[in-house]
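Visitor: Pasting a structure below so you can have a look.
Every read-out reported here was derived from the displayed coordinates using simple, explicitly stated rules and does not represent laboratory data. Given the structure is predicted, the values throughout are model-derived calculations rather than measurements. Here the Cβ positions follow ideal geometry from the backbone for every residue, glycine too, while neighbour counts run over all protein chains shown.
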Amino acid sequence: MTASTATAAGSPAPSILDELGFYTLAGQPGSARELVDEMRDAEALGLGVAWISERYNKKEACTLSGAAAAVSDRITIATAATNHNTRHPMVTAGYARTMQSLTGGRFVLGIGRGITLLQDAFGIAHVTTAQMEDFASIMRRLFRGEVVFGHQGPAGSWPVLHLDAELDEYLPMAITAFGEQTLALGGRCFDHVVLHTFFTDETTERCVRVVKEAAEQAGRDPNAVKVWSCYATIGDHLPADKRLMKLVGRLGTYLQGYGDLLVRTNGWDRAVLERFLADSVVQSVRGLDVSATTEQLEHVATLIPDEWLEPAATGSPAQCVAAVRHQLALGCDGVIMHGATPAELAPIVAEYRAGS
């Protein structure tokens, strides 16, 4: 029996765990419609936030947001992330306003820098810190009902931007952050800051500190800015081949895409990364967490130091819960249990509740 089936049978809805979230359609789903059952299961578990990442094949954020809203009643729906420069600001503002109306205020608009290699390939301009700050300011003004005349700023130039003169709402916004400039921007201007997966304890603590200090320097309440650990959660109740894909495959894919940044951020040995990238198997499979065979992943596992794989929740439900709680102890305000569906997270959430 799935979590959603149990709730439908008449059991009371559990309390909402505001500090726990998940990414819907993690990895490469067979169909975008899998989101429907995931949202129902997430609500039945009482997860606090459903995060939506954007990929152009089957994971366009606006469409998924509307579907998530239609099959949920309590869970917060947040993008993490879309890029502000792929839509006109009025299109994005209209999307956010519609989602707020559709969900009764359960929506968070989350943006990020994106992946430069893809942006170059598609002819999309790179995103700067100044652009994201300017864009956030525009969204705030539009949701206060203002008319933005003759805007000329880092995000762009527009003659007039306006939603509704009678509108006076606050739009919660999130930002995905890696480097210190983006982290500080999150503290200054955003409500949620989502960290990257496979951050070491030292990196996580530093990131939290940068966000909170930036919030305080901007005259904001640091506690009002929620920092989320994006934490790979892979319980041993899952089949071994799936665990290998979710752990080794996922980290391997990150190392393929932006290994320099991740290694530099965590203070890891760049020589290890160079050997990893020079390996013939790594070079022959693009997207290890999607296309690699179990045999290939077993080989890739020999190339990645154990310490690089440690920043993840693995093992029994109790061990996973201990790891999740450790992220909160490091200063994070919430944990996104990444790479797992709500059904896969069910025994871990049950264990978490048992220890609350």
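Visitor: Over segment 127-224, what is the percentage of antiparallel beta bridges among all DSSP beta bridges, to the nearest 5?
Guide: Details: 5 of 8 bridges.
Percentage antiparallel, nearest 5: 60.
Visitor: If you don't mind, another one. At q = 0.14, 0.19 Å⁻¹, what is the base-10 log of I(q)/I(0) for segment 223-338 according to the Debye formula with one equal point scatterer per Cα and no solvent? Please give it to two decimals.
Guide: Each listed q maps to, in turn, -0.62, -1.04.
Visitor: Taking segment 117-189 as the region of interest, what is the percent of Cα-Cα pairs per 10 angstrom bin, listed from the shortest bin to the one with the maximum distance?
Guide: Once binned at 10 Å, the Cα pair distances of segment 117-189 give 18, 40, 34, 8, 0.
Visitor: If the only charges are +1 at each Lys and Arg Cβ and -1 at each Asp and Glu Cβ, what is the size of the charge dipole of segment 181-286 around the Cα centre, to the nearest 20 debye?
Guide: Here segment 181-286 has a charge dipole of around 240 debye.
Visitor: With θ set to phi - 60° and the Karplus curve 6.51 cos²θ - 1.76 cosθ + 1.60, what are the ³J(HN,Hα) couplings of segment 90-105 in order, to the nearest whole Hz, using x for Gly and Pro?
Guide: Per-residue couplings from phi come out as 6, 5, 5, 5, x, 4, 5, 5, 5, 5, 4, 5, 5, 9, x, x Hz.
Visitor: Now, a different point. Looking at the square roots a ≥ b ≥ c of the eigenvalues of the Cα gyration tensor of segment 53-163, which shape do they give, rounded for a/c under 1.5, prolate if a/b is larger than b/c, or oblate?
Guide: Numbers: a/c = 2.24, a/b = 1.14, b/c = 1.97.
Cα axes put segment 53-163 in the oblate bin.
Visitor: Rounded to the nearest 20 debye, what is the charge dipole size of segment 1-145 about its Cα centre when +1 sits on each Lys and Arg Cβ and -1 on each Asp and Glu Cβ?
Guide: On the way: 13 positive and 13 negative charges, 92 e Å.
The calculation lands at about 440 debye.
Visitor: Have a look at the DSSP beta bridges in the chain and tell me what percent are antiparallel, nearest 5.
Guide: Of those bridges, close to 15 percent are antiparallel.
Visitor: Something else about it: Once amide H atoms are placed 1.01 Å from N in the peptide plane, what residues at a sequence separation of 5 or more from V227, or on another chain, have their amide H within under 5 Å of its amide H?
Guide: V193, D333, G334
Visitor: What residues qualify as long-range amide H neighbours of F198, i.e. H under 5 Å apart, gap of 5 or more or another chain, H built at 1.01 Å from N?
Guide: Amide H neighbours of F198, under 5 Å, 5+ apart: A232.
Visitor: Now, a different point. Determine ³J(HN,Hα), in whole Hz, for all residues of segment 136-141 in sequence, where each value follows from phi through the Karplus function 6.51 cos²θ - 1.76 cosθ + 1.60 and θ = phi - 60°; x replaces Gly and Pro.
Guide: Coupling constants for segment 136-141: 4, 5, 4, 4, 4, 5 Hz.
Visitor: While we're looking at this one, here's another question. If you plug each phi of segment 291-307 into the Karplus form 6.51 cos²θ - 1.76 cosθ + 1.60 with θ = phi - 60°, what whole-Hz ³J(HN,Hα) values come out, in order, with x for Gly and Pro?
Guide: So the Karplus estimates, Gly and Pro as x, are 10, 6, 7, 4, 4, 5, 5, 4, 5, 4, 4, 6, 9, 10, x, 4, 5 Hz.
Visitor: Taking the Cα centre of segment 52-136 as origin, sum charge times position over the Cβ atoms of Lys and Arg (+1) and Asp and Glu (-1), and report the length of that vector in debye to the nearest 20.
Guide: 240
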